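The values are calculated or read from the model by the stated rules, or taken from the named source; none is laboratory data. The model shown is predicted, which means the values in this text are computed figures rather than measured ones. Note that we place each Cβ from the backbone using ideal geometry, even for glycine, and neighbour counts take in every protein chain shown. SASA here: full protein model, heavy atoms, side chains in, ligands and nucleic acids out. Shrake-Rupley method; radii C 1.70, N 1.55, O 1.52, S 1.80 Å.
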Amino acid sequence: MELIGLTGGIGSGKSTVATLCRERGWCVVDADGIARDVVELGKPALSELASAFGEEILLADGSLNRKELARRAFVDKEHTELLNSITHPRIQEETQRQFALAREEGYGFAVYDMPLLVDNGLDKDMDCVIVVDVDEEERVRRLVASRGLEEEDARRRIAAQVPDEVRRAAATHIIDNNGSLEQLRARTAEVLDSIESESPKV
Ligand code: ADP
């Protein structure tokens, strides 16, 4: 099975590309989804977080109050590491489980949809890396227009991620998404075709 990293800065169109991969019949492992699932109501990580950071990080129904957790965890390195020590092993375990399942189910291609792929150095573990690339100003425009973010918030989130040139340098395939959605679909088809044809396993 080919392991394909899919990444891009926030607002680059990565989720749109992930959908096109799914439509092609490739398995997509969604890193953000896994990170949300491991702290769902009833999961062991949630009670560990409450013991570590206080019951105040829970809402009335017992589910996670993300804002409150963020407020308490991202105050310094020590607290951030405490948070990571609780969530990361679970995230890793679930990620590996999903890849193993994809292999078992006979998928030829598994896409790891991961915003922080390059930031976390995980690009090294992939057979190829697709980077969806859009100029920063255009990303800010799209995040404000379609996701309803405040401009300042969009810029802050972009600045917290690895610089675009570092992400681009890790790419084996770049999808330029400065154009229309139609162009994005066409360029994505081209890249996925070329990955399929380059695959030694097909
Ligand atoms: P990401 O997952 O990388 O954060 P999304 O795929 O959610 O980004 O795209 C961000 C927003 O921009 C979405 O609302 C999406 O519909 C829109 N978008 C993506 N590509 C284009 C494009 N080429 N033209 C216009 N809007 C786009």
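So between A169 and T80, what do we pick up on full extension, going 0.36 nm a residue minus the alpha carbon distance?
Numbers: separation 89, 0.36 × 89 = 32.04 nm, distance 2.81 nm.
Result for the pair: 29.2 nm of gain on full extension.
Which value, in Å², gives the accessible area per residue of the chain when a 1.4 Å probe is used on the protein heavy atoms? All intermediate terms of the calculation are to be shown ahead of the outcome.
Numbers: 11120 Å² over 202 residues.
That works out to 55 Å² per residue.
Using the Cβ-Cβ distance between E136 and R185 with R0 set to 25 Å, the FRET efficiency from 1/(1 + (r/R0)^6) comes to roughly 0.65.
Of the beta bridges in the chain, as assigned by DSSP with both residues counted there, near 5 percent are antiparallel. On the protein heavy atoms, probe 1.4 angstrom, tell me the percent of accessible surface of the chain carried by carbon and sulfur. C and S atoms contribute 49 percent here. Taking a point 7 Å out from the Cα of L116 in the direction of its Cβ, the residues of region 141-174 whose backbone N falls within less than 17 Å of it are 156-164, 167. Across the chain, the longest run free of exposed loop sites, meaning GluC sites (Glu not before Pro) lying outside DSSP classes H, G, I, E and B with no more than 12 other Cβ atoms within 10 Å, spans 41-104. Dividing the helix sum by the residues of the chain, where each DSSP H run of 4 or more adds -39500 (n - 2.57), gives a mean residue ellipticity at 222 nm of -16500 deg cm²/dmol.
For the chain, place one equal point scatterer on every Cα, skip the solvent, and apply the Debye formula. What is log10 of I(q)/I(0) at q = 0.08, 0.11, 0.14 Å⁻¹? Reported log10 I(q)/I(0), two decimals: -0.31, -0.59, -0.92.
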